[in-house]
Amino acid sequence: MSKNNITFIIIIIITSLAFFILSSIIQYKRVKKNSEEHSSFLEGLKIGEKIVLSSGVLGVILHKNKDSYSIEIAKDVIIEVLPSSIIGRRK
């Protein structure tokens, strides 16, 4: 192999590594930001608030704790859901 070929291969490897590292850092920051936003959203929820679950089910918060929320989806129908399944407030 000539010196030009080796230099070209090294440049391609360095460029690929830089792209991979930068895209990983950007993805990590995006996920962290979304996680922080969702955590602050959950902290702001109050008992009695109407919410939307990721499955599209609508309900009202009856009880909440760190690990789960009790949601009333119909009269006397209460389900327990994970905080990650709550995606928004119902208007």
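Read the figures in this text as sums done on the coordinates, not as results from a lab. All figures in this text were calculated on a predicted structure; none of them were measured in a lab. Glycine gets a Cβ as well: all are built from the backbone with ideal geometry, and neighbour counts include every protein chain shown.
Structure notes:
- Of note, residue 32 does not satisfy the criterion of being among the basic types (Lys, Arg), in contact with a Ser or Thr (Cβ under 8 Å, 6 or more places away or on another chain) and without any contact (Cβ under 8 Å) to a residue 60 or more places away in the chain.
- Residue pairs meeting the criteria (Cβ under 6 Å; at least 6 apart or on separate chains; first surrounded by 13 or more Cβ atoms within 10 Å (Cβ to Cβ), in region 71-91; second assigned to a loop (DSSP other than H, G, I, E, B)): 73/57; 85/54; 87/54
- Every residue from region 34-70 that is touching a His at 6+ places or on another chain (Cβ under 8 Å) and loosely packed, with under 14 Cβ neighbours inside 10 Å: 47
- The one condition in (1) more than 21 Å from residue 90 (Cβ to Cβ); (2) in contact with a strand residue (DSSP E or B) (Cβ under 9 Å, 6 or more places away or on another chain); (3) among the hydroxyl-bearing types (Ser, Thr, Tyr) that residue 69 fails to fulfil: (1)
- Counting the residues of region 1-59 that are among the charged types (D, E, K, R) and more than 24 Å from residue 78 (Cα to Cα) gives 7.
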